[in-house]
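Student: To start, I am sharing the structure in question, which I have written as structure tokens.
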Amino acid sequence: MYIIVVGGGKVGFFLTKALLEEGHEVVVLEKDQARTEFITSELGSIAIRGDGCELSTLSDIGAGRADMFIAVTGDDEDNLISCQIAKHQFNVTTTVARVNDPSNEPIFKLLGIDVPISSTMEILEHIEQRVPTHPLTHLLTLKELDLELVEVKIPANSSTVGKPIRDLKLPEGTTLAVIIGTKHKPSLPTPNTIIEAEDQIIAVTPPEREAALRTALRGK
């Protein structure tokens, strides 16, 4: 599928990384030049500096052939407007919008957003502070793709500490998107990446395989 993601923040970055690994064609629109350059350096030439609310910008990136349009900026108005343009000007069949203020969700539904996803500032702060309170934390739900973006923290006593990812029995359909360590910057995992205590792992998984993913990463 050809998917347009508006917003290159942490949620947009992790989501794009996962979609690329699933084999989708993805373009990210991000207003900030520095953030655009960062995404390009990490994921390749798939990030474009631009405003997802501008008709000409969406036309330039081929919104008319997009199968899905996902707006995950931190601004509800931008997410709503960009999805409205995608749906009514370019006939994109599936629009997904992040709703930062849960009280706005009825408006998103009323105006025809196919998949409004509620989130709160607590979730954003959780990502920024990198201190999960549960073994597996939900960050984002993609109902149309039947996938969850989750975060798993590796405890110091986990049986997987010290093992390379290639030795883990990850459930089918699961993709590890990024690892956030206590002593290093976020990095893209490889089969040779060693699991360390207190690592926080962002992964994409079908909902029914969450328990198996948690066991594979943390041990029994």
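Quick note: the coordinates plus some simple rules give every number you see, no bench work behind them. Keep in mind the model is a prediction, meaning the values are calculated, not measured. As a convention, Cβ positions derive from the backbone with ideal geometry for all residues, glycine included, and neighbour counts pool all protein chains shown.
Student: Which of rounded, prolate or oblate describes the range 31-103 when judged by the alpha-carbon gyration tensor and an a/c cut-off of 1.5?
Tutor: Details: a/c = 1.89, a/b = 1.21, b/c = 1.56.
Since a/c reaches 1.5 but b/c is at least a/b, the shape of the range 31-103 is classed as oblate.
Student: List the aspartates and glutamates whose alpha-carbon lies under 13 Å from that of LYS17, not counting same-chain residues fewer than 8 positions away?
Tutor: GLU25, GLU42
Student: With an 8 Å Cα cut-off and a minimum separation of 6 or more residues, compute the relative contact order for the range 2-119 in percent. Could you put the intermediate results ahead of the total?
Tutor: Numbers: 218 pairs, mean separation 26.8, N = 118.
Once normalised by length, the contact order is 23 percent.
Student: Grab the Cα-Cα distance for LEU111 and ASP146, subtract it from 0.36 nm times how many residues apart they are, and report the gain in nm with one decimal.
Tutor: The span from LEU111 to ASP146 would gain 10.3 nm if fully extended.
Student: Helix 10-21 versus the longest principal axis of the chain: what angle, 0 to 90°, nearest 10, using Cα atoms?
Tutor: The helix 10-21 is inclined about 80 degrees to the chain.
Student: Multiply the residue separation of LEU188 and LEU168 by 0.36 nm, subtract the distance between their alpha-carbon atoms, and state the gained length in nm to one decimal. Walk me through the numbers before you get to the answer.
Tutor: Values: separation 20, 0.36 × 20 = 7.20 nm, distance 1.63 nm.
Going from the current span to full extension adds 5.6 nm.
Student: If I fit a long axis through the Cα atoms of helix 33-43 and take the longest principal axis of the Cα atoms of the chain, what angle between them do I get, 0 to 90°, rounded to 10?
Tutor: 50
Student: If I model a spin label as a point 7 Å beyond the Cα along the Cα-Cβ vector, how far apart are those points for GLU25 and ASP60 in nm?
Tutor: According to this spin-label approximation, the distance is 1.9 nm.
Student: About its Cα centre, what dipole magnitude does the chain give when the only charges are +1 on Lys and Arg Cβ and -1 on Asp and Glu Cβ, stated in debye to the nearest 20?
Tutor: 780
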